[in-house]
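Structure record follows, encoded as structure tokens.
The values are calculated or read from the model by the stated rules, or taken from the named source; none is laboratory data. Source: prediction; values computed, not measured. Positions of Cβ are generated from backbone atoms using ideal geometry, with glycine treated the same way; all protein chains shown enter the neighbour counts. Remember, those area values only see protein heavy atoms, side chains included, never the ligands or the DNA or RNA. Shrake-Rupley method; radii C 1.70, N 1.55, O 1.52, S 1.80 Å.
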Amino acid sequence: MLYPQKNPNRQTKDLSGKWDFRIDPRNQGLGKGWTKGFSKQQTLSVPASWNEQFAGLRDYLGPAWYQRRFSRHPAAEGKRIFLRFGSVNYLAQVWLNGMKLGTHEGGHLPFVFEITRRLKKENLLVVRVEGFLKPDRVPPGNVPAGPLDSFNNNFNPPASFDFFPYCGIQRPVFLFTTPHESIEDVTVTTNINGKMGIVSVTAQAKTSGPASLWVSVEGFGWKTSIESPLKSGKSTDLLKVPDAKLWAPGSPNLYQLKVELKRNGKTIDQIRLPIGIRTIQVKGSRLLLNGKPIFLKGFGRHEDYAGTGRYLPPKALKKDYANMRWIGANSFRTTHYPYSDEDMDMADRLGFLVIGETPAVGLFFKKEGLSKRLKLCRQFTKDMIERDKNHPCVVMWSLANEPHSHRPAAKAFFKNLAGLARSLDKTRPITLVSYLGVSEESFEFLDAVCVNRYYGWYTEPGDLDKAIPRLSQDLDELYRKFKKPVLVTEFGADAIPGSHADPPTMFSVEYQAEMIERYIGVIRRKPYVVGAHVWNLSDFKTAQATHRPNGMNYKGVFTRDRKPKLAAYVLRKLWSKGKN
Ligand code: GCB
């Protein structure tokens with residue numbers, strides 16, 4: 001799935017802006033024919049969650065209706081035309097000019113409809129969105145609490161995960177064109193041989209006659225190109241880049257890849273992609289980037305911002321990266337769903353290593369609904385890898401966060417998903433993120449062991465002297481059992497901004513800072529630990545619960561409006577000058 005792009009053969013139009021909106025609490029819209037248009041209640045901004053735009057809609061999960069009119073652009077003449085939603089949470093049904101285009105389930109990955117034959121001079125686009133929390137959805141909600149299937153968190157709304165279940169059209173909506181004969185997909189993998197970078201490019205195209213593909217790589221004063229004929233709509237080329245400028249944090253060198261579909265010297269279609277030449281590999285207890293050990297220091301994050309909810313406007317995204325750079329981080333995990341295309345582009349450009357995670361958070365393995373959850377997880381794993389496979393920033397795939405893997409079905413579930421991920425991407429390590437640790441059996445067939453640890457918070461509350469030795473012992477046990485690199489993918493404490501205590505007390509900024517510093521002290525002494533991600537970069541909104549004052553998770557080292565807490569300064573000191 002190629003991201004829409006503007007080039008001499010392709011056009012895009014961003015449909016962001018004000019859309020008509022109406023909630024449908026009695027679910028009448030379908031019966032009343034709103035699919036053909038409705039009278040609006042209000043206008044709202046797209047992209048953004050509806051829950052943050054109107055106070056009365058905070059806990060409203062749907063259904064709700066959006067509509068927008070747009071005219072056909074002359075540039076669309078003679079082209080194929082598509083409509084792409086970056087993300088709609090959770091269930092989207094879409095109509096154009098009263099005709100149904102389709103339905104999409106799942107909140108954080110793009111979907112596309114071809115509308116070439118449906119497009120008129122003036123058009124009406126209608127979208128019905130519904131975001132109920134259900135046990136057979138991914139991520140699940142409304143799951144009965146029990147030791148095997150869910151934490152007894154008593155959230156309102158009843159999510160089985162700790163972030164607000166925002167709803168709506170939460171990422172940009174694009175119209176884009178392609179020529180009728182076009183490049184359908186491009187897959188780039190890279191390798192290194194001595195000082196030579198090797199770029200392998202597989203392109204797929206749909207043509208109605210013989211055509212050839214021209215592939216070129218350009219950058220840092222070097223250009224190389226290859227022409228090869230299409231065979232059954234496909235071609236694979238190897239390009240050699242001597243004295244390659246490798247991609248890595250601190251030196252995010254990007255080359256420009258251009259793939260052109262040509263006939264008789266004429267370019268019919270083209271795709272341009274920034275690419276990074278790099279390798280990533282697990283070897284023994286190490287993670288190797290470009291053949292050298294790398295340590296991932298950084299954060300779990302959330303797409304969460306006041307007023308826009310699960311959409312990070314460009315200024316907030318910029319600030320998140322500015323904060324991560326200021327603090328000396330080199331990586332993050334897309335907790336707990338794939339982030340926007342714009343976020344991934346920025347990670348490529350600024351040199352951040354990313355663990356890409358699917359929306360499978362809070363999974364449970366009771367029989368009811370299990371086959372549907374597996375089907376959705378397979379779809380999301382595939383869609384995530386297809387969307388993000390060409391980003392040099394992505395160095396690992398995470399299949400899930402904190403599954404309740406107590407039931408035996410969990411292992412087979414993850415074997416299935418890992419097999420799928422490996423068949424789609426043979427170049428990146430695969431993992432999942434566990435709270436169970438040594439009893440997470442799936443680590444036997446995964447490449448790295450990722451655990452979230454809250455000693456000194458959910459256990460040993462307020463007692464770091466007891467918590468720290470437990471962390472140390474636990475990490476050693478994990479390595480002894482699995483003999484694989486370990487990443488501590490979450491650790492941290494809530495700190496309510498402006499709350500101070502001496503001696504440090506839970507919820508004070510001093511306690512958070514001390515806990516993080518002491519965790520990093522332990523982690524540094526374990527040569528098999530290859531990553532430390534603090535939970536979280538910024539405070540974020542979650543559902544209401546007794547343990548979530550103000551409906552907030554305050555484990556950010558920055559506030560929700562991105563200002564540093566004490567822990568941010570402590571981390572900056574610890575992580576500066578290339579130290580882990
Ligand atoms: C976790 C979860 C994360 C929560 C965090 C917490 O283990 O992975 O989603 O927000 O703990 O703060 O409790």
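Quick one: would you say residue 468 is in contact (Cβ under 8 Å) with a residue 24 or more places away in the chain and open to solvent by less than 10 Å² (accessible area, probe 1.4 Å)?
So residue 468 does not fit the description; no.
Identify all residues within the stretch 44-69 that are open to solvent by 10 Å² or more (accessible area, probe 1.4 Å), more than 14 Å from residue 308 (Cα to Cα) and not small (Gly, Ala, Ser); write none if there are none.
59, 60, 61, 68, 69
Determine, yes or no, whether residue 311 is in contact with a helix residue (DSSP H, G or I) (Cβ under 9 Å, 6 or more places away or on another chain) and among the hydroxyl-bearing types (Ser, Thr, Tyr). Before you say what the answer is, go through the steps one by one.
On the way: in contact with a helix residue (DSSP H, G or I) (Cβ under 9 Å, 6 or more places away or on another chain): no; among the hydroxyl-bearing types (Ser, Thr, Tyr): yes.
Here the answer is no, as residue 311 does not meet what is asked.
Which one of the conditions (1) farther than 27 Å from residue 157 by Cβ; (2) open to solvent by less than 40 Å² (accessible area, probe 1.4 Å) does residue 579 fail to meet, given that it meets all the rest?
(2)
For residue 172, are the conditions met, namely being within 16 Å of the ligand (Cβ to nearest atom), touching a Leu at 6+ places or on another chain (Cβ under 9 Å) and closer than 24 Å to residue 386 by Cβ? So that I can check it myself, show each step before the final result.
Numbers: within 16 Å of the ligand (Cβ to nearest atom): no; touching a Leu at 6+ places or on another chain (Cβ under 9 Å): yes; closer than 24 Å to residue 386 by Cβ: yes.
The answer is no for residue 172.
Are any residues in the stretch 146-158 in a strand (DSSP E or B), over 15 Å from residue 546 (Cβ atoms) and either near the ligand (Cβ under 9 Å from one of its atoms) or in contact with a strand residue (DSSP E or B) (Cβ under 8 Å, 6 or more places away or on another chain) (or both), and if so, which ones?
Residue satisfying the conditions is 150 alone.
When you go through (1) within 16 Å of the ligand (Cβ to nearest atom); (2) surrounded by 24 or more Cβ atoms within 10 Å (Cβ to Cβ) one by one for residue 353, which number turns out not to apply?
Going through the list (1) within 16 Å of the ligand (Cβ to nearest atom); (2) surrounded by 24 or more Cβ atoms within 10 Å (Cβ to Cβ), residue 353 breaks only (1).
Can you tell me which of 248, 211 is among the aliphatic types (A, V, I, L, M), out of contact with any helix residue (DSSP H, G or I) (no Cβ under 8 Å at 6 or more places or on another chain), more than 25 Å from residue 1 (Cβ to Cβ) and open to solvent by less than 80 Å² (accessible area, probe 1.4 Å)?
Numbers: 211 fails: more than 25 Å from residue 1 (Cβ to Cβ).
None of the others qualify; the one that does is 248.
Among the listed residues 118, 137, identify the single one that is open to solvent by less than 20 Å² (accessible area, probe 1.4 Å) and charged (D, E, K, R). Show your work before the answer.
Details: 118 fails: open to solvent by less than 20 Å² (accessible area, probe 1.4 Å).
Just a single option satisfies the conditions, and that option is 137.
Do we find a residue being closer than 29 Å to residue 493 by Cβ and open to solvent by less than 30 Å² (accessible area, probe 1.4 Å) anywhere in the stretch 363-386?
Yes - at least one qualifying residue is present in the stretch 363-386.
How many residues are of a type outside the set (Asp, Glu) and either buried (at least 24 other Cβ atoms within 10 Å of the Cβ) or within 16 Å of residue 298 (Cα to Cα) (or both) when one looks only at the stretch 340-350?
4
Just to be sure, is residue 429 within 12 Å of the ligand (Cβ to nearest atom) and more than 17 Å from residue 535 (Cβ to Cβ)?
No: the conditions fail for residue 429.
In this structure, is residue 35 under 30 Å from the mean Cα position of the chain (by Cα) and among the β-branched types (Val, Ile, Thr)?
Here the answer is no, as residue 35 does not meet what is asked.
Looking at 534, 522, which is the one that is assigned to a strand (DSSP E or B), open to solvent by less than 50 Å² (accessible area, probe 1.4 Å) and not polar (S, T, N, Q)?
Working: 522 fails: assigned to a strand (DSSP E or B).
Answer to the selection: 534.
Could you tell me whether residue 322 is surrounded by fewer than 21 Cβ atoms within 10 Å (Cβ to Cβ), more than 10 Å from the chain's Cα centre (by Cα) and in contact (Cβ under 8 Å) with a residue 12 or more places away in the chain?
Details: surrounded by fewer than 21 Cβ atoms within 10 Å (Cβ to Cβ): yes; more than 10 Å from the chain's Cα centre (by Cα): yes; in contact (Cβ under 8 Å) with a residue 12 or more places away in the chain: no.
Criteria not met by residue 322.
Could you please let me know if residue 142 is free of Cβ contacts under 8 Å to residues at least 24 places away in the same chain, over 23 Å from the mean Cα position of the chain (by Cα) and closer than 21 Å to residue 108 by Cα?
Taking the combined requirement at face value, the residue satisfies it.
For the subset of the stretch 214-245 comprising residues that are open to solvent by 40 Å² or more (accessible area, probe 1.4 Å) and of a type in the set (Val, Ile, Thr), which member is farthest from the chain's Cα centre (by Cα)?
Start the filter on the stretch 214-245 by keeping residues that are open to solvent by 40 Å² or more (accessible area, probe 1.4 Å), which leaves 214, 218, 220-223, 225-227, 229, 231-232, 234, 236, 238, 240, 242-243, 245.
So of that shortlist, the ones also of a type in the set (Val, Ile, Thr) come out as 226, 236.
Working: 226: 33, 236: 28 Å.
Once the filter is applied, the top-ranked residue is 226.
Each row is one residue, and each column tells you yes or no for (1) more than 14 Å from the ligand (Cβ to nearest atom); (2) polar (S, T, N, Q).
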position: 420; (1), (2): yes, no
position: 436; (1), (2): no, no
position: 442; (1), (2): yes, yes
position: 456; (1), (2): no, no
position: 490; (1), (2): no, no
position: 494; (1), (2): no, no
position: 499; (1), (2): yes, yes
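Residue by residue through the stretch 185-208, note down the ones that are over 20 Å from residue 393 (Cβ atoms), assigned to a strand (DSSP E or B) and open to solvent by 50 Å² or more (accessible area, probe 1.4 Å).
Hits for the stretch 185-208 are 193, 196, 204, 206.
Show the residue pairs that are 6+ apart or on different chains and have beta-carbon atoms under 6 Å apart, the first residue being within the stretch 492-516 and closer than 14 Å to residue 468 by Cα and free of Cβ contacts under 8 Å to residues at least 60 places away in the same chain, the second being β-branched (Val, Ile, Thr) and surrounded by fewer than 16 Cβ atoms within 10 Å (Cβ to Cβ).
Taking only residues 6 or more apart or on different chains, the pairs are 511/505.
Sort out for me the strands (runs of 3 or more DSSP E) sitting completely within the stretch 289-382 that have 3 or more residues that are more than 19 Å from residue 427 (Cα to Cα) and at pLDDT 95 or above.
Fully inside the stretch 289-382 and qualifying: 296-300.
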